[in-house]
Structure formats: structure tokens, C-alpha cells
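Here the structure is laid out as C-alpha cells; the discussion comes afterwards.
The values are calculated or read from the model by the stated rules, or taken from the named source; none is laboratory data. Everything numeric here is computed off the predicted structure, so don't read it as measured data. For neighbour counting, all protein chains shown are included, and Cβ atoms are generated from backbone atoms with ideal geometry for every residue, glycine included. Side chains are part of the model used for accessible areas, which takes the heavy atoms of the whole protein and leaves out ligands, DNA and RNA. Shrake-Rupley method; radii C 1.70, N 1.55, O 1.52, S 1.80 Å.
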Number of protein chains: 2
Amino acid sequence: MMATAHPNHAWVSSEDVEGTNVYDTSGHKIGEVDHLMIDKLSGRVHYAVISFGGFLSLGHSHYPLPWDALSFDKKLDGFRTTVTEQQLRDSPDFSDDSWQSRDWERNIHDHYQVPPYWGV
Amino acid sequence: MMATAHPNHAWVSSEDVEGTNVYDTSGHKIGEVDHLMIDKLSGRVHYAVISFGGFLSLGHSHYPLPWDALSFDKKLDGFRTTVTEQQLRDSPDFSDDSWQSRDWERNIHDHYQVPPYWGV
């Protein structure tokens, strides 16, 4: 029924989320989702760890991005981001402990110019 | 640094979320997370599809629960739910199309007595 459909929703199973493509502002594929970091308490996805195969000269290949640095494009069936290669080069280091550090979270949201999800 | 830690967060990678245990109100394991359904646009987990191995007499084994029917228990490192075997038996049928139906979503939130995540 049209009346009850909600086509603005684009569902993905946690089983399938790995491998979703990521595109730059001009629509070129620059990478794909390696995995998401989910807050079990709130049920919110706060970070996507992206594998950037498209920026070949990068030292690392995996970079966590704040969720709000990505926007889902239904037509492309993938995410768009304004993040540049230079931003990735300059991005704050991270480790498994980073997720537990509000300082690191603040840095990475500042770096990508994304408002913190936890408010101010 | 204690000051910057946020121990209330319990992160899980989308790679690891499958298999997280689900416990009933008395702390017995009744199943585990098969997968989560994530809204790519909002970054919200709205449903967890649970495999109920603990309720052996059930006709089906996989049931979607509204995310808010689960609460994460850090001590157990798993989810707690008040959902009963009878509620599962009586739960609304679902198919792959269910995710696109606001009617179905309304039914299932009503059934498990969970307020709808989209407001009223």
C-alpha cells in the first residue's frame, strides 16, 4: 500500500553493510564501508570505518569517519562524502582505545567539521 | 584518562554484532542476535532479528524485535528482554516487505508494547 510505505527508509542488514560503496562529491567511487561502530546502548551507528582503495597513495587504508560525514544516496545505493584525501592524511591517529575517549571523538568530529553527535 | 573516558558507551563492530546473547528477565540465555536492521539514512538500528534457540517449542526460530524491546546489560555483555514465548507465538508475521510497511511497524511496536521510534 502506497499510503503505508515509507520509501525514505533504506534498510540494510548488519550482515550486508560491509562493502557498501563510498563516493566523492563528483560521484567517483573512492572506497567502501569496512564496518560500522555501533553504540549498543543507544542503538546508534556513530562511526563508519572506511577502506579507501580509491586514494591509492595513502599510507593507511582504513579510516574511521563520523557517521554524519556520510550521506546515503539511494540512487547510487551508496554513501557520499565530502572528505578529501588531504583530510585523511591529516586525520587524528586512532586505536582500539579511541572509541573510549571523548577527546579523540571531539578531535575527529572537529577535523571533519561534523557537529558532535553528543551535543555541545 | 578517566576524565575523557565515557564508560557508558558499549561499542560493537557491525562485524561482531551477530551472536550477541539475549537473556530473559531472570538472566537465562534465550537466544542470540542474528542480525540488526539499520536505517542507512538516519544511522539508527531499529530492529534486531533474534534467533531464539532457548524457546525450543517455537515454530519459527527468527523473530524481529523493535530495538527498544532490548536493553544492553554491560555485566552480562548481552541484551536483556522482557519478551515472552507467548508474545513470540502471537507476533505479527513478517517478510522482506515488512520493513517498508509502516503498518507492520506499528503492529509490531504495539505487540511488544514499545513506543514507536518515529513518534506519534
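The single condition from (1) open to solvent by less than 30 Å² (accessible area, probe 1.4 Å); (2) in contact (Cβ under 8 Å) with a residue 24 or more places away in the chain; (3) at the interface with chain A (Cβ under 10 Å from one of its Cβ atoms) that residue B:104 fails is (2).
Name the one entry in B:57, B:71 that is open to solvent by 40 Å² or more (accessible area, probe 1.4 Å), modelled with pLDDT under 95 and within 12 Å of chain A (Cβ to nearest Cβ). Quick ask: steps written out before the conclusion?
Details: B:57 fails: within 12 Å of chain A (Cβ to nearest Cβ).
Residue meeting the stated conditions: B:71.
Is one or more of the residues making up the range B:60-77 over 30 Å from residue A:117 (Cα atoms), over 15 Å from the mean Cα position of the chain (by Cα) and of a type in the set (S, T, N, Q)? Looking through the range B:60-77, none of the residues is over 30 Å from residue A:117 (Cα atoms), over 15 Å from the mean Cα position of the chain (by Cα) and of a type in the set (S, T, N, Q).
If you go through the range A:84-94 and keep only what is touching a helix residue (DSSP H, G or I) at 6+ places or on another chain (Cβ under 9 Å) and either hydroxyl-bearing (Ser, Thr, Tyr) or under 20 Å from residue B:14 (Cβ atoms) (or both), you end up with A:91, A:94. Evaluation of residue A:48 against the conditions (1) farther than 25 Å from residue B:20 by Cβ; (2) among the small types (Gly, Ala, Ser); (3) surrounded by 17 or more Cβ atoms within 10 Å (Cβ to Cβ) shows that the sole unmet condition is (1). Is it the case, given these coordinates, that residue B:91 is surrounded by 16 or more Cβ atoms within 10 Å (Cβ to Cβ), in a loop (DSSP other than H, G, I, E, B), free of Cβ contacts under 8 Å to residues at least 12 places away in the same chain and out of contact with any Lys or Arg (no Cβ under 6 Å at 6 or more places or on another chain)? The answer is no for residue B:91.
Can you go through A:32, A:18 and tell me which one is touching an Asp or Glu at 6+ places or on another chain (Cβ under 7 Å) and open to solvent by 50 Å² or more (accessible area, probe 1.4 Å)? On inspection, the qualifying residue turns out to be A:18. On the given criteria, is residue B:114 buried (at least 16 other Cβ atoms within 10 Å of the Cβ) and either more than 8 Å from chain A (Cβ to nearest Cβ) or over 20 Å from residue A:17 (Cα atoms) (or both)? Taking the combined requirement at face value, the residue satisfies it. The condition of being of a type in the set (Lys, Arg), touching a strand residue (DSSP E or B) at 6+ places or on another chain (Cβ under 6 Å) and without any contact (Cβ under 8 Å) to a residue 24 or more places away in the chain holds for only one of B:29, B:75, B:40, that being B:40.
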